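Participant: Quick one: the structure is below, questions incoming.
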Amino acid sequence: MRRAMRLRTQLVLLQSAIMLVVILGSGIAAAWLQERSLRDAYLDRMIAVAESTAGLPTVVDAFDAPDPSAIIQPIAETIREASDVTYVVVTDADGIRFSHPNPDLIGERVSTDPTAAESGEVYVGTQTGTLGTSWRAKVPVFDESGAVVGQVSVGILESELQRDWLSTVWILALCLGVAAIVGVVLASWAASLVRRRIYGVEPDEIKSMLETRNATLHGIGDGLVVLDERGGIVLCNDAALRLLGREGADLAGTPIAEVLDAPIDPLLADAGEQQLVLAGERMLVARVDRVVVDDRAVGTVLILRDRTELDAALRDLAGAQGMTETLRAQQHEFANTLHTLGGLLELGEAEAAMGVIERAGAGGALASLEPSSGILELEVAALLLAKRAQAKERGVELAVLPGSTLRPADSVGAAGDWVTVLGNLVDNAMDASDGGRIEVAIDDEGDGGTRVVTITVDDDGPGVPEAQRDAIFDIEVSTKSHVAGLARGYGLTLVRRVAERLGGSAHVEASPLGGARFVARLPVVPSGVRA
């Protein structure tokens, strides 16, 4: 394969080509201006010589002499030699020469049109005469009455003009040539400097590295956000845009504080430590690593992981574990009941055995969440089972109040919103209730029109002071003590944000149990118009 031209060679050639175009253009313009300046200088000289000659009284009086050339020729030659022009020719009105550099042509008619000065105006132009092509000026000669009696023609050969012009242009060409050589040397130096600045990497290698970097960056599952020294976003990968809820957006130049509901300063201060942050309704685990180049900090990298998805997975696992433990407990309970019945029957106590059967009722721990209980959404029912098992381990009684109803969700998103709200409210209640009681009530209102699901969670904990009942839903605001390394105040913030997104509300009030009652009102948005 043919090897691509090296970057240094490309830069030198490109800069040299640009420089040569500029130098050639400037040189041509300068040479043209020099030629015009030289021609204008000669023109001023020729007109001045012609007018001064035409105005000499001796020359004007000589027109009436018997032999005008005897008087005019010496004067004309003296003026010609002194003014450094090619010729000074004086003629009468008919074009008969009274002077000429070649005396043999005196007395003959001029070879060009002699009427150029009859109008009394100065004529300037290029004509071909006996001496060759010349740049000339013709000035009329007036007698005492003001009549035109002749003309004075002063000129310089075009060949002499070209010779004088070339004598100055070669100096210009020499200067431009030196400038071109210096420019090529500087272009070579600049190309070497650029190559050193990019660590000697060739364009193909740069392209390959960029493609590899982009593929690696956007293929990572974790969110990566590169920040500059002022906290502005320089680069985001696809995972970060998804986690921040900005898919398809260009966040370059946007301050990170505008997309994260958390101050960035604590993250920067504890570089390398993981902290919880909130982006919209997503709980994220964030960690900051500094970018150091040549022992100099040039920015930071913010690494984001989705805590919401992790919590959902843990919640599903807890639900499965709770269900397993509940089934295991039912198995032991059922075995004990069978052993009791067997013993009573062996003793002949049939009535006592019937009493045991009646007390057992419909079954064990799952009975309160059977379809007859009214909780028909499976995800919510599974969550309540898991939370009840978890509450039992912590010595807390979790009860779903009779009359609670919840029909199946119309979409996966709606069920997810209910699980998020209910899970966070129950977790908050379990933290507040130590060995007490939690009551959950779910009301599914509306039929065919606007459907509203209201979730109410009561606890018998210390409650929420009235002055804090609105602020309790803000980020990192909590009535519970802060444990080192454990963030607080995010669950209730998520509850309110989900409720407000659906067009509902969330608030806290005093509970009949003596603690706090959290009420979330969640309108059901049709699946076709969900945000």
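The values are calculated or read from the model by the stated rules, or taken from the named source; none is laboratory data. Quick caveat, the model's predicted, so the values are computed rather than measured. Cβ placement follows ideal geometry from the backbone for every residue including glycine, while neighbour counts extend to all protein chains displayed. Side chains are part of the model used for accessible areas, which takes the heavy atoms of the whole protein and leaves out ligands, DNA and RNA. Shrake-Rupley method; radii C 1.70, N 1.55, O 1.52, S 1.80 Å.
Participant: Considering (1) touching a residue at least 24 places away in the same chain (Cβ under 8 Å); (2) of a type outside the set (D, E, K, R); (3) open to solvent by 70 Å² or more (accessible area, probe 1.4 Å), say which one L14 fails and leave the rest.
Facilitator: Looking at each condition in turn, L14 falls short on (1).
Participant: Something else: Quick test for you: out of V60, V49, pick the one residue that is among the β-branched types (V, I, T), touching a helix residue (DSSP H, G or I) at 6+ places or on another chain (Cβ under 6 Å) and farther than 20 Å from R109 by Cβ. Spell out how you get there, then give the answer.
Facilitator: Details: V60 fails: touching a helix residue (DSSP H, G or I) at 6+ places or on another chain (Cβ under 6 Å).
So the residue among V60, V49 that is among the β-branched types (V, I, T), touching a helix residue (DSSP H, G or I) at 6+ places or on another chain (Cβ under 6 Å) and farther than 20 Å from R109 by Cβ is V49.
For (1) within 23 Å of I472 (Cα to Cα); (2) out of contact with any Pro (no Cβ under 9 Å at 6 or more places or on another chain); (3) part of a helix (DSSP H, G or I); (4) among the charged types (D, E, K, R), each residue gets a yes or a no:
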position: R388; (1), (2), (3), (4): no, yes, yes, yes
position: A399; (1), (2), (3), (4): no, yes, no, no
position: S404; (1), (2), (3), (4): no, yes, no, no
position: A415; (1), (2), (3), (4): no, no, yes, no
position: T420; (1), (2), (3), (4): yes, yes, yes, no
position: V426; (1), (2), (3), (4): yes, yes, yes, no
position: I438; (1), (2), (3), (4): yes, yes, no, no
position: I442; (1), (2), (3), (4): yes, yes, no, no
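Participant: Working only within the range 50-67, note down all residues that are open to solvent by less than 30 Å² (accessible area, probe 1.4 Å) and either at pLDDT 90 or above or under 20 Å from G125 (Cα atoms) (or both).
Facilitator: Residues satisfying the conditions are A50, T53, A54.
Participant: Follow-up question, since we're still on this one. Output the number of the condition that Q390 fails; it satisfies all remaining conditions of (1) modelled with pLDDT of 85 or more; (2) open to solvent by 30 Å² or more (accessible area, probe 1.4 Å).
Facilitator: (1)
Participant: Return yes when W165 is in contact with a strand residue (DSSP E or B) (Cβ under 8 Å, 6 or more places away or on another chain), open to solvent by 30 Å² or more (accessible area, probe 1.4 Å) and closer than 30 Å to S37 by Cβ and no when it is not.
Facilitator: When the stated conditions are applied, W165 does not pass them.
Participant: Now, a different point. So is S145 more than 26 Å from V169 (Cα to Cα) and at pLDDT below 85 or not? Break it down into steps so the answer makes sense when it comes.
Facilitator: Details: more than 26 Å from V169 (Cα to Cα): yes; at pLDDT below 85: yes.
The answer is yes for S145.
Participant: Here is a further query. Open to solvent by 30 Å² or more (accessible area, probe 1.4 Å), more than 21 Å from L522 (Cα to Cα) and among the polar types (S, T, N, Q) - does that describe any residue in the range 412-421?
Facilitator: Looking for residues that are open to solvent by 30 Å² or more (accessible area, probe 1.4 Å), more than 21 Å from L522 (Cα to Cα) and among the polar types (S, T, N, Q), one finds none in the range 412-421, hence no.
Participant: Another question about this same structure. I'm trying to understand the selection: among the residues of the range 31-80, which are assigned to a helix (DSSP H, G or I), without any contact (Cβ under 8 Å) to a residue 12 or more places away in the chain, charged (D, E, K, R) and farther than 18 Å from F142 by Cβ?
Facilitator: R36, D40, D44
Participant: Looking at the range 144-166, which of its residues are in a strand (DSSP E or B) and touching a helix residue (DSSP H, G or I) at 6+ places or on another chain (Cβ under 6 Å)? Spell out how you get there, then give the answer.
Facilitator: Applying the first criterion (in a strand (DSSP E or B)) to the range 144-166 yields 148-157.
Within the range 144-166, Q151, V152, V154, I156 meet the criteria.
Participant: Quick one: which of I96, I47, I79 is open to solvent by 20 Å² or more (accessible area, probe 1.4 Å), farther than 20 Å from V148 by Cα, in contact with a strand residue (DSSP E or B) (Cβ under 7 Å, 6 or more places away or on another chain) and at pLDDT 85 or above? Spell out the reasoning first.
Facilitator: Details: I96 fails: farther than 20 Å from V148 by Cα; I47 fails: farther than 20 Å from V148 by Cα.
Of I96, I47, I79, the one residue that is open to solvent by 20 Å² or more (accessible area, probe 1.4 Å), farther than 20 Å from V148 by Cα, in contact with a strand residue (DSSP E or B) (Cβ under 7 Å, 6 or more places away or on another chain) and at pLDDT 85 or above is I79.
Participant: In the range 232-248, what residues are in a loop (DSSP other than H, G, I, E, B) and either at pLDDT 80 or above or of a type outside the set (G, A, S) (or both)?
Facilitator: N237, L244, R246, E247
Participant: Still on this structure, please answer the following. Out of the residues in the range 378-393 that are of a type outside the set (G, A, S) and in contact (Cβ under 8 Å) with a residue 40 or more places away in the chain, state the one that is farthest from D459 (Cα to Cα). Break it down into steps so the answer makes sense when it comes.
Facilitator: Initially, the range 378-393 is screened for residues of a type outside the set (G, A, S), giving 378-380, 383-385, 387-388, 390, 392-393.
Right, trim to in contact (Cβ under 8 Å) with a residue 40 or more places away in the chain and you get 379-380, 383-385, 387-388, 390.
Numbers: E379: 23, V380: 19, L383: 18, L384: 15, L385: 18, K387: 14, R388: 14, Q390: 15 Å.
Once the filter is applied, the top-ranked residue is E379.
Participant: Considering only the range 331-354, I want to know if a residue exists there that is surrounded by fewer than 14 Cβ atoms within 10 Å (Cβ to Cβ), at pLDDT 75 or above and touching a Gly at 6+ places or on another chain (Cβ under 7 Å).
Facilitator: no
Participant: May I pose another question? Tell me which residues, restricted to the range 486-513, are in contact with a strand residue (DSSP E or B) (Cβ under 9 Å, 6 or more places away or on another chain), modelled with pLDDT under 90 and either open to solvent by 80 Å² or more (accessible area, probe 1.4 Å) or on the phi > 0 side of the Ramachandran plot (or both).
Facilitator: Answer for the range 486-513, where residues must be in contact with a strand residue (DSSP E or B) (Cβ under 9 Å, 6 or more places away or on another chain), modelled with pLDDT under 90 and either open to solvent by 80 Å² or more (accessible area, probe 1.4 Å) or on the phi > 0 side of the Ramachandran plot (or both): L486, E500, G503.
Participant: Regarding E229, is this residue outside any helix (DSSP H, G or I) and touching a Leu at 6+ places or on another chain (Cβ under 7 Å)? Explain how you work it out, then say what you get.
Facilitator: Working: outside any helix (DSSP H, G or I): yes; touching a Leu at 6+ places or on another chain (Cβ under 7 Å): no.
No: the conditions fail for E229.
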